[in-house]
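Reading through the structure tokens given below for one structure.
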Amino acid sequence: MLLKKRQGFKFSSDDSHKKTLVSAASTTSLDKVLRYTNSSSKQELPEDILADSILFQLEKPPIWKRKRFHFIIGLSVGLIAAYGASTTPVAQTHLNDLQSYLSLQLYEMDWERIMPVTDIVDELFGNVTNFFTPTPSSDQPFMPALEYREALDLKPHFPVVLIPGIISSGLESWGTLDKYWIWAKIIENLAYIGYDNNNMHLASYDWRLSFSNLEIRDQYFSRLQSIIEISKKGSGVPAVIVTHSMGSSMFPYFLRWVQSSEGGKGGNDWTEKHIASFVNIAGPMVGVPKALTAMLSGETRDTMSLGSFGAYLLEKFFSRRERASLMRTWSGGSSMLLKGGETIWGNQTFAPDDQVDSEQPSFGSILSFTKTSEGDPAAQEKDQNHTAKKTVSKDIDQNFSADESMDLLYSTASPDYSRMLKSNYSFGISTSKKQLEKNNKDSRKWSNPLESQLPLAPSMKIYCLYGVGLPTERGYYYTRAKDDINKAHAAGCDTDCELDVSALLNGTDIKEEEFMNAVVQKSIKESGQQSDKHSDEVMPQPPPIYIDGAMHEPTRGVEMGVRFADGDGTVPVLSLGFMCAPSGGWRKYGSLYNPGRSPVVLKEYLHEQSDSKLDVRGGSRAGDHVDILGNWEMTLDILQIVSNKGSNVTERIHSNIEQYAQKINIKPLP
């Protein structure tokens, strides 16, 4: 049935469907245009209706009021402003950095397999890649070599070997100079004063492997030894070794390996003959707290900063257990677990880097577990709704020191991972000279500077260069998903059950009070029975524990379950500087850990944020763990060291590392 009324008209239901007026007296504007009268009226001609429709046409606005005009003007102004900004030297530098990064990514792709081999494709691809090739700027603000080459007489003197860390090392991209984007600033400046591939060598490695397996699978240390020896023969002078991050932890291992009769067979004087300087950039010499949590639960500050929705998605696609399992297969990462135990990192009541006159808990509690909410209906309701907030002063149930945290990791690890750790690394501390001399023959101790000695090399200079002034992970607040444990046991699956992802949003499900103590005590009790056996019986799987995001007190240095101290954003200053500080391991306790008395210089770089948002490298005064490789002052210091002007690089300390080192009590034994 047709609609009877519309726009004030009614339609008859007869076959003709003729339109009639609702009221003969009504004469609206629409009636006048359509000229509807009585049913007997004649049909209007098309041209008349078209002429009458002109009455409905709106008057066109002036051109300056039209949206299209505004869009064109806005686009033009934006393009002019962008062009003007891009022509400044600073913007040119930042854009060149971005272009370099994009060109390297294109270069990495296997275009020969993706695209057919024809002249047209070659020409097209050449034009595309030329677009991403950075254009040299007329002004080069980041070239200390350009500014000081003549004034300081900077020129190649020592051969240089660069050893990267995890972030700054690609597994397959370290073959040519073009692929060193992170190291580009240092390499460009070295090249400007005269270095090339004859006296500058790039020693990358597969950081996923343990140090011993680097030699077994890749003969990495044999090749590194060969590079250094050949450079010495060619130049007649020893080499400067510049290391970063994990590479700094690995280099002392190499020095012990090359002198070992079972390794490089170089003899006790090899280091003295072949190494002029060891430049340690941001080396985590006594470990990193975030390595512990990465192996324990697959979490760090990076995962906690994703927010509720990001954490939910990450857990769905790549769960904590999967991340922890993957981390444990990368045995190289385990080399950065905490070393020195409570002597270095403190106990539950004291740590050398605790703030003076502070009411905050000691940093010696690397891991802290939160209380349950049993008996408090309001708190339980908040837990269920994931809106609970916890405080440091009221909600701490149990603390774990560095030693206890390592025991927890061992107790929850698989047999394979536990055997890997015990056969490759050692994380304790030796204060006896006799024991240290024995450790020099034990490859498990070589990666720990507190359980092995530097070679007898009084001519080798050690420079410790790192950034400070950034909040850095130092401790963590954990909780346990109690309901998930009960569900897993009820379902009869201890390892593969899917966890309640909603519990990860703010960490409100709490552990049982005795759980963690029972796990640790069981591990300690059984360690004596299993230390000499490689049993294949099933060990406890990683418990469903995770960083408690509900513990959030920024005024007390706690954000999303993570406690912060001073450092370079990745490594705390305690690990960066203890071995190099005046009261530290290689200086005050040099009779134990530096028997050759190699001179040590510590220099800190205070982090300063870049003013430009386009600066993908953090700025020329960055102190960040990775961005420091683009620090202007540090680059100049390296240029002076390799030019035999290292005496110009003097000690400078911004942080409290010397006070921290003085609080660490090491008693040398015979």
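Give me the residue from region 626-670 that is basic (Lys, Arg) and modelled with pLDDT of 95 or more and, out of that set, surrounded by the most Cβ atoms within 10 Å (Cβ to Cβ).
Step one: list which residues in region 626-670 are basic (Lys, Arg), which gives 645, 652, 663, 667.
Filter again for modelled with pLDDT of 95 or more, leaving 645, 652, 663.
Numbers: Lys645: 17, Arg652: 13, Lys663: 13.
Across region 626-670, the extreme among qualifying residues is Lys645.
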Among (1) assigned to a loop (DSSP other than H, G, I, E, B); (2) surrounded by fewer than 23 Cβ atoms within 10 Å (Cβ to Cβ), which single condition is Asn448 missing? (2)
Selection over region 282-291 where residues are of a type outside the set (Gly, Ala, Ser) and either within 17 Å of Arg563 (Cα to Cα) or not in a loop (DSSP other than H, G, I, E, B) (or both) yields a count of 3
The lone exception for Lys232 - which of (1) touching a helix residue (DSSP H, G or I) at 6+ places or on another chain (Cβ under 9 Å); (2) surrounded by fewer than 16 Cβ atoms within 10 Å (Cβ to Cβ); (3) basic (Lys, Arg) it fails: (2)
Going through Gly585, Gly623 one at a time, which residue ends up being modelled with pLDDT under 95, among the small types (Gly, Ala, Ser) and either under 22 Å from Val573 (Cβ atoms) or over 26 Å from the mean Cα position of the chain (by Cα) (or both)? Gly623
Conditions (1) modelled with pLDDT under 85; (2) in a helix (DSSP H, G or I); number of the one not met by Leu255: (1)
Residue pairs within 8 Å by beta carbon, gap of at least six or interchain, first lying in region 275-288 and on the phi > 0 side of the Ramachandran plot, second small (Gly, Ala, Ser) and assigned to a strand (DSSP E or B), listed first then second, are Ala282/Gly467
Criterion first (among the β-branched types (Val, Ile, Thr) and out of contact with any Gly (no Cβ under 8 Å at 6 or more places or on another chain)) does Ile462 satisfy it? yes
Given the conditions (1) assigned to a helix (DSSP H, G or I); (2) surrounded by fewer than 22 Cβ atoms within 10 Å (Cβ to Cβ); (3) not assigned by TED's automatic domain parsing to the domain that holds Gly618, and given that Ala294 satisfies all but one, which numbered condition is not satisfied? (2)
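Applying the selection to region 275-298, what residues are closer than 18 Å to Val161 by Cα and touching a Gly at 6+ places or on another chain (Cβ under 8 Å)? Step through it out loud before you land on a result.
Going through region 275-298, the residues closer than 18 Å to Val161 by Cα turn out to be 275-283.
If the condition is that a residue be closer than 18 Å to Val161 by Cα and touching a Gly at 6+ places or on another chain (Cβ under 8 Å), then Ser277, Ala282, Gly283 are the ones that fit.
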Leu614 passes all but one of the listed conditions (1) over 22 Å from Val242 (Cβ atoms); (2) at pLDDT 95 or above; (3) touching a Leu at 6+ places or on another chain (Cβ under 8 Å); the exception is number (2)
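The values are calculated or read from the model by the stated rules, or taken from the named source; none is laboratory data. Given the structure is predicted, the values throughout are model-derived calculations rather than measurements. For neighbour counting, all protein chains shown are included, and Cβ atoms are generated from backbone atoms with ideal geometry for every residue, glycine included.
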